[in-house]
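The values are calculated or read from the model by the stated rules, or taken from the named source; none is laboratory data. Just so it is clear, the structure is predicted and the values come from calculations on it, not from any experiment. Using ideal geometry, Cβ is built from the backbone for each residue, glycine included, and neighbour counts are taken over all protein chains shown. What goes into the accessible areas is simple: the full protein's heavy atoms, side chains included, and nothing from ligands, DNA or RNA. Shrake-Rupley method; radii C 1.70, N 1.55, O 1.52, S 1.80 Å.
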Amino acid sequence: MIKVLITGASGFTGSHLVKHLQQNPELRIYCVNSNKTYDDSYVCELTNYESVDNLIQEIRPDQILSLIHI
């Protein structure tokens, strides 16, 4: 199983990408949002190094997609 961490998942582009990727059973999608939008959503202050580091250590993603401000 490939773990994908997506920042900006509640935005226009991010939400469409999440819906598309969730159709692939080989992917486990984790979302970082300003609010808890999805079941596997995390609220994280992305300007805080420790918050981001803790999140990455917890999830251990294979891929990170940053869609903030897209």
Output ordering of 2-8, 24-30 (per-residue mean of other Cβ within 10 Å, highest first) is 2-8, 24-30
Per residue, in Å², the accessible surface of the chain once ligands and nucleic acids are set aside, probe 1.4 Å: 69 Å²
Measuring from a point 7 Å past the Cα of ASP62 along Cα-to-C-beta, which residues in the range 16-33 have an amide N at less than 15 Å? 21-30
Suppose R0 equals 25 Å. What FRET efficiency, 1/(1 + (r/R0)^6) with r the Cβ-Cβ distance, do LEU21 and TYR49 give to the nearest 0.05? 0.40
Whole-percent carbon and sulfur share, accessible surface of the chain, 1.4 Å: 50 percent
Rg/Rh ratio calculated on Cα atoms of the chain (Kirkwood radius): 0.93
